[in-house]
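Below: the structure, in structure tokens.
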Amino acid sequence: MKILYIDDNKSLTKLLSTHLISKDHECTVANSGRNGLTLMENNKFDVVLLDILMPEFTGFDVIDYLFKNKKIYEQNIILFTGATLSNEKIDELLRKGVHSYITKPAETDELLGVINASRTTHTMVLCTES
């Protein structure tokens, strides 16, 4: 599976991408929203893991751009973020075309489960810490 991981935390992207590769996934990393958006426009990924809280060009900016340009449904976006979002905001993102929302920190097996579920379902999978 081809995964794009967009997050400004370089140590986290290195750690998680190494783990995903060890699980036989192809993982490309972008450490900014703008770079991630460029990669999405020029490549096809099975899943995009997207952080929300990034400087300059946030995950919300990425989603808004894709939505406004009618490209959101070309992507399979899983929000993977430390940001706590309200139910209203989650509903808004779902309506725009985001697939899932999982909060950091998350167990890698839980994240892999959400990634695998995103390939087979078109409904929102919501995973948050209890």
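I'm trying to understand the selection: among the residues of region 7-54, which are closer than 16 Å to L112 by Cα and among the hydrophobic types (A, V, I, L, M, F, W, C)?
Passing the criteria: L12, L15, L16, L20, I21, C27, F45, V47, V48, L49, L50.
For region 25-58, how many residues meet the condition of being touching a strand residue (DSSP E or B) at 6+ places or on another chain (Cβ under 9 Å), aromatic (F, W, Y) and either assigned to a helix (DSSP H, G or I) or open to solvent by 10 Å² or more (accessible area, probe 1.4 Å) (or both)?
Residues of region 25-58 touching a strand residue (DSSP E or B) at 6+ places or on another chain (Cβ under 9 Å): 25-33, 35-40, 43-54.
Cutting the leftovers down to aromatic (F, W, Y) gives us 45.
Right, trim to either assigned to a helix (DSSP H, G or I) or open to solvent by 10 Å² or more (accessible area, probe 1.4 Å) (or both) and you get none.
Going through region 25-58 one residue at a time, the tally reaches 0.
Just to check your reading of the model, which residue among L12, L93, L20 is touching a Cys at 6+ places or on another chain (Cβ under 6 Å) and not in a loop (DSSP other than H, G, I, E, B)? Before the answer, list the steps.
Values: L12 fails: touching a Cys at 6+ places or on another chain (Cβ under 6 Å); L93 fails: touching a Cys at 6+ places or on another chain (Cβ under 6 Å).
Exactly one of L12, L93, L20 is touching a Cys at 6+ places or on another chain (Cβ under 6 Å) and not in a loop (DSSP other than H, G, I, E, B), namely L20.
Looking only at region 85-116, count every residue that is open to solvent by less than 20 Å² (accessible area, probe 1.4 Å) and small (G, A, S) and tell me the total.
2
Restricting attention to region 88-115, which residues are within 28 Å of K23 (Cβ to Cβ) and among the basic types (K, R)? Don't jump to the end; show me each part of the working.
First, pick out the residues of region 88-115 that are within 28 Å of K23 (Cβ to Cβ): 90, 93-94, 97-115.
Of everything in region 88-115, just one residue is within 28 Å of K23 (Cβ to Cβ) and among the basic types (K, R), namely K104.
I need the full set of residues from region 96-110 which are outside any loop (DSSP other than H, G, I, E, B), touching a Phe, Trp or Tyr at 6+ places or on another chain (Cβ under 7 Å) and not β-branched (V, I, T), in order please. It would help to see each step written out before you state the result.
Residues of region 96-110 that are outside any loop (DSSP other than H, G, I, E, B), as a first pass: 96, 100-103, 108-110.
Those still in the list that are touching a Phe, Trp or Tyr at 6+ places or on another chain (Cβ under 7 Å) too: 96, 102.
Within region 96-110, K96 is the sole residue that qualifies.
If you go through region 59-87, how many residues are closer than 19 Å to L16 by Cβ, part of a loop (DSSP other than H, G, I, E, B) and of a type outside the set (G, A, S)?
In the first step, residues of region 59-87 are kept if they are closer than 19 Å to L16 by Cβ; the result is 59, 62, 75-83.
Of the ones still in play, those that are also part of a loop (DSSP other than H, G, I, E, B) are 75-76, 82-83.
This time we only want the ones that are of a type outside the set (G, A, S), so: 75-76.
Summing the residues that are closer than 19 Å to L16 by Cβ, part of a loop (DSSP other than H, G, I, E, B) and of a type outside the set (G, A, S) in region 59-87 gives 2.
Show the residue pairs meeting these rules: Cβ distance below 6 Å; 6+ apart or different chains; first residue within region 23-42 and free of Cβ contacts under 8 Å to residues at least 40 places away in the same chain; second residue open to solvent by 30 Å² or more (accessible area, probe 1.4 Å) and among the basic types (K, R).
If the second residue must be open to solvent by 30 Å² or more (accessible area, probe 1.4 Å) and among the basic types (K, R), the pairs left are E26/K2; N31/K10.
For the structure I just gave you, tell me whether D61 is on the phi > 0 side of the Ramachandran plot and open to solvent by 50 Å² or more (accessible area, probe 1.4 Å). Outline the logic, then answer.
Working: on the phi > 0 side of the Ramachandran plot: no; open to solvent by 50 Å² or more (accessible area, probe 1.4 Å): yes.
It is false that D61 is on the phi > 0 side of the Ramachandran plot and open to solvent by 50 Å² or more (accessible area, probe 1.4 Å).
Please count how many residues of region 5-15 are of a type in the set (A, V, I, L, M) and under 19 Å from T58 (Cβ atoms).
The first filter runs over region 5-15 and keeps only residues of a type in the set (A, V, I, L, M), leaving 6, 12, 15.
Filter once more, so that each one left must be under 19 Å from T58 (Cβ atoms): 6, 12.
So the count comes out to 2.
For region 1-56, enumerate the residues that are within 20 Å of T103 (Cα to Cα) and aromatic (F, W, Y).
Y5 - this is the single residue of region 1-56 that is within 20 Å of T103 (Cα to Cα) and aromatic (F, W, Y).
The values are calculated or read from the model by the stated rules, or taken from the named source; none is laboratory data. Here the structure is a predicted model, which means the values were calculated and not measured. With ideal geometry, Cβ positions are generated from the backbone for all residues, glycine too; neighbour counts draw on all protein chains shown. Keep in mind that these areas ignore ligands, DNA and RNA; they rest on the heavy atoms of the full protein, side chains included. Shrake-Rupley method; radii C 1.70, N 1.55, O 1.52, S 1.80 Å.
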